Amino acid sequence: MANEKQFRLKTKFVGTRGVKEYRESISTWVNENDVVLEIGCEWGTTTVQIAQHCGEVIGTDVSRDCIERARQRHPDIRFEILDAFDVRAALSIGKQFTKIYVDMSGLSGYRSLLDMISLLTMYATVFRPEAIIVKSGALKHFASNCIPWRSGKSYTKPKDTELVD
Ligand SMILES: C[S@@+](CC[C@H](N)C(=O)[O-])C[C@H]1O[C@@H](n2cnc3c(N)ncnc32)[C@H](O)[C@@H]1O
């Protein structure tokens with residue numbers, strides 16, 4: 001039976017919709033002490049922006065072509081080929097990532113929500129980063145409709161207007 005000693009993830013999951021919000025989050029969530037992993041970096045456009053806010057960032061993508069292009073465009077940044085589902089390969093990079101950015105094509109819609117949640121849980125469990133920032137409108141919408149129940153008199157139901165996205 002579950003008890004208060006069971007393992008609980010402390011990682012925060014930040015859902016963003018679209019590339020504008022994904023990049024906008026960097027100045028809020030990334031600081032100079034962070035070691036950041038970007039999963040699905042394509043040509044490294046966001047990786048470069050992350051690099052301006054942190055000590056170290058590694059951009060990764062499943063596509064060899066993308067990684068070659070990213071390396072050509074941004075020779076000062078480290079890029080590696082990585083299939084996000086191969087978490088052992090992610091571990092073999094050998095870094096203790098404090099923030100993880102995720103932007104994977106095909107995994108941001110409703111039909112992939114469970115796959116996305118299991119992938120995020122896997123990375124949160126293995127790396128225990130402070131936060132994983134994800135480009136997924138489906139995750140953002142789901143999260144904004146989740147309300148953690150709190151026992152006690154101070155709990156009040158949000159107004160109906162606050163429940164609408
Ligand atoms: C929308 S692009 C990323 C754009 C990039 N993050 C940016 O902000 O410029 C999505 C990327 O996800 C990558 N991708 C898809 N499946 C992946 C997987 N299993 N592991 C890693 N990357 C994957 C694709 O190769 C593609 O480059």
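Below, the figures for the structure above:
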read-out: Assigned charges on the beta-carbon of Lys, Arg, Asp, Glu; the range 12-163 dipole about Cα centre (debye); value: 580 debye
read-out: Coil-residue trypsin sites (Lys or Arg not before Pro) of the range 10-108, DSSP, other Cβ within 10 Å capped at 11; value: 10
read-out: Efficiency of FRET from Cβ geometry, residue 45 and residue 114, R₀ 22 Å, rounded to 0.05; value: 0.20
read-out: Residue-span extension gain [residue 64 to residue 12] - 0.36 nm each, minus C-alpha spacing; value: 15.7 nm
read-out: Residue-wise HN-Hα coupling along the range 24-29, computed from phi with Karplus coefficients 6.51, -1.76, 1.60 (Hz; x: Gly, Pro); value: 4, 5, 4, 5, 7, 9
read-out: Computed over the chain: relative contact order in percent, which uses C-alpha pairs under 8 Å that are six or more apart; value: 28 percent
read-out: Mean Cα-pair separation over length for the range 1-80, i.e. relative contact order, pairs under 8 Å, 6 or more apart, %; value: 25 percent
read-out: Helix-derived mean residue ellipticity, 222 nm - over the chain, DSSP H n ≥ 4, -39500 (n - 2.57), to 500; value: -9000 deg cm²/dmol
read-out: Approximate spin-label separation residue 2-residue 125, in nm, with each point projected 7 Å along Cα-to-Cβ; value: 1.5 nm
read-out: Under-5 Å amide H pairs with residue 131, H placed in peptide plane, nonlocal only; value: 12, 100
read-out: Cβ-based exposure ranking for 122, 116, 104, in which fewest neighbours within 10 Å come first; value: 122, 104, 116
read-out: Isotropically averaged projected area of the range 12-163, using the convex hull of Cα atoms (one quarter of hull area), nm²; value: 10.3 nm²
read-out: Chain lengthening between residue 141 and residue 19 when straightened (0.36 nm per residue, less Cα-Cα); value: 42.4 nm
read-out: Pairs of Lys in the range 12-163 closer than 22 Å at Cα, counting only those 8 or more apart or on different chains; value: 12
read-out: Chain lengthening between residue 93 and residue 28 when straightened (0.36 nm per residue, less Cα-Cα); value: 20.8 nm
read-out: Exposure proxy ranking, count of Cβ atoms within 10 Å, fewest first, for 87, 19; value: 19, 87
read-out: Most fluctuating residue given options 134, 35, 102, as computed from a GNM of the chain linking Cα atoms under 10 Å; value: 35
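Each value in this text was obtained by applying a stated rule to the coordinates, not by laboratory testing. The shown structure was predicted, so the numbers you read here are calculated from the model rather than taken from an experiment. Positions of Cβ are generated from backbone atoms using ideal geometry, with glycine treated the same way; all protein chains shown enter the neighbour counts.
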